[in-house]
């Protein structure tokens, strides 16, 4: 008895799912899943090629061919991805003891206009690296020629190098530094990348093999990127760059095709000198430099450990500018050093570099996928002409294997759904960048990615969002017209099955478009330094009291710690400053910012004052040189797109200007009364300072409204206050009040 179509699909789905279930335990099962993925997608595309192209009119034929070519291009990328992911590849650790005599090391920190406090962290981190000091030299390569940077170099007793002109940008800066240094090994660090103390211990050993000329550690980020931060989803998704930095780079290392990513890298000086130094004439000198070294048949190494941490772009617009630069740089490299024609590269090296360049066409490909269903629903232009059941038969296994293979090999560093969101968010700009750089001769302005960004208000990036707003409007028009087609089929000559397919397609794209617009709502970033959760015993010195405490989090500028509730709260609360010790940080002077008493503990927030050079270095040791930040190892956990959208809607609000506290705040949660228009209204006083308070009420308030506050606990009777901000949480209304009299 022959199987029905549904039974056949059921068997196929069962085999795929069982293979995926076993792939977590057995390498052979993961390899089988990769094979099934390639076979299912090949069958689907062959069927698409011969049985789904539209024949209605010329423009539909052209649209259909363009879409088909795009799908085949994606399949070529899938083949390379499968090769890279075929089996895990881990380098064995090579200790420093392998050397009879340790090499001398020069660390180059390239800087142009980065904030001084950001650069200071990196310099401090470099001075804390575990390596014989007589063999280590640190150079600040200052293309900004700033006196403040020169003073900073003097403070840390490191070298300061400048030049009269900024020819060839970063690559020229590094080449200039090579002329003024002589270490055996050169380390390149970006101004925001802070090395861990074991950076050289885990990397230098590989140079004991004479053929090794380049060692790369991943770029890892301690702050939330715009997708994580603006969607209020930091705890559920990893940094958008993690998949490339941790997964793809490791896979490429198996073929000696590790890509130099501009920082966290070590080079043998003699090898760099042999290729003429760092590559110039392109804006992605890092990729070109690594490829030229590999073309000389030398070995390159990738060490997949968090050995340095830095700042990812902090706004969506900065992220777009960064990717625009990378995109254009890749095209510039292929025009100057084509991986298919350059001598010395192996077949796999050529393939992987070509695939890396091909990746940047994703903007064009994704725009085609976004526009195809819109053209059908709005203008009746077909991109495919198929029976729904036939499409489901061939597309469903291909789609299912695509989803599962990504989950199986990505180690929770990426999902296909989030890849779709990332690509949709960047597609309009990357599409323009790749086409203009490929076909136009016009030179575009080079942008250095801003770091250490602060803003006090929530705002929407209107200009950056114009393409997505247009796409959203077209999506709404398409859905309205699709609804009319369903309600009045006699007035439209559209195949219903094609209509269903395109409605699903446009809804799938529409969710990603809306999410991209959510990312364009920039959240305020009030802190000028990141706060890290720690678990450190500490000691608090308050007048003549010495109290044990527990430090919960720290930054360069302050800390939060917890005390036993039995401490003399009133005495502690009356003081404005303390001295705090924790870890290796000794007696740092601190100003109290707030104090909060709960049933089982007392918490205090402080800012640091008059931090000495030694204390600052010890802070950097705890913050960055030791692995204390869990965010850098984030994975995609409960990363459903619906949860991200819900998180954004739940947490977002039209934030007022930051209410800057001028006085110490005390947590209260006591009863009070608000007087509005002569009417007393019960309220809860959440916290209090001499300058104002936060209240919780059920009565609507208005920004800038003047009311009167009564607080029996503080002997305050009808004190005038101005409403500075309002936040609604369910039926409760929270407001910040500033005393005016």
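Derivation of every value follows stated rules applied to the coordinates shown; laboratory data play no part. A quick note: this is a predicted structure, and the numbers were derived from the prediction, not measured. Cβ atoms come from the backbone with ideal geometry, glycine included; neighbour counts cover every protein chain shown.
Quick notes
- Note on residue 439 and residue 98: their simple-model spin labels are 4.9 nm apart, each label 7 Å out from Cα toward Cβ.
- Relative contact order for the chain, counting Cα pairs under 8 Å that sit 6 or more residues apart, in percent: 13 percent
- Ranked for footprinting exposure by Cβ neighbours inside 10 Å, fewest first, 389, 189 give 389, 189.
- Region 549-568-region 364-430 distance, computed between alpha-carbon centres (Å): 49 Å
- Region 666-690-region 588-608 distance, computed between alpha-carbon centres (Å): 23 Å
- Theoretical FRET efficiency, 1/(1+(r/R0)^6), r = Cβ-Cβ of residue 543 and residue 201, R0 35 Å, to 0.05: 0.20
- Each of the peptides 349-355, 226-232, 335-341 was scored by the mean count of other Cβ atoms within 10 Å over its residues; in descending order, highest first, they stand as 226-232, 349-355, 335-341.
- Placing pseudo-labels 7 Å out from each Cα toward the beta carbon at residue 87 and residue 640 gives an inter-label distance of 3.8 nm.
- Ranking of 157, 555 by count of other Cβ atoms within 10 Å, fewest first: 157, 555
- Global geometry of region 552-605, whether rounded, prolate or oblate, following the gyration tensor of its Cα atoms and the 1.5 cut on a/c: prolate
- Here the calculated FRET efficiency for residue 591 and residue 164, from their Cβ-Cβ distance with R0 = 56 Å, stands at 0.80, rounded to the nearest 0.05.
- Cut-off 13 Å, label 7 Å out along Cα→Cβ of residue 9, residues of region 365-392 by amide N: 387-392
- 711, 545, 348 arranged by Cβ crowding within 10 Å, fewest neighbours leading: 545, 348, 711
- Computed packing ranks the peptides 696-702, 191-197 as 191-197, 696-702, most packed first, by mean other Cβ atoms within 10 Å.
- Extension gain (nm, one decimal) between residue 180 and residue 72, 0.36 nm per residue minus Cα-Cα: 33.8 nm
- Cα-based shape type of region 665-739, given that a ≥ b ≥ c are square roots of the gyration tensor eigenvalues and the cut on a/c is 1.5: rounded
- FRET efficiency, 1/(1 + (r/R0)^6) with R0 22 Å, evaluated for residue 79 and residue 31 via beta carbons: 0.95
- The packing ranking, built from the mean of other Cβ atoms within 10 Å per residue, places the peptides 276-284, 73-81 in the order 276-284, 73-81, highest first.
- Spin-label model distance (nm) - residue 411 vs residue 480, 7 Å beyond Cα toward Cβ: 4.9 nm
- Linear extension gain, residue 399 paired with residue 579, 0.36 nm per residue minus alpha-carbon span: 58.8 nm
- Over region 532-628, relative contact order from alpha-carbon pairs under 8 Å, at least 6 apart, %: 27 percent
- If the chain linking residue 718 and residue 696 were pulled fully straight, counting 0.36 nm for each residue of separation and taking away their Cα-Cα distance, it would gain 6.2 nm.
- Base-10 log of normalised Debye intensity for region 315-385 (one unit scatterer per alpha-carbon) at q = 0.20, 0.24 Å⁻¹: -0.86, -1.00
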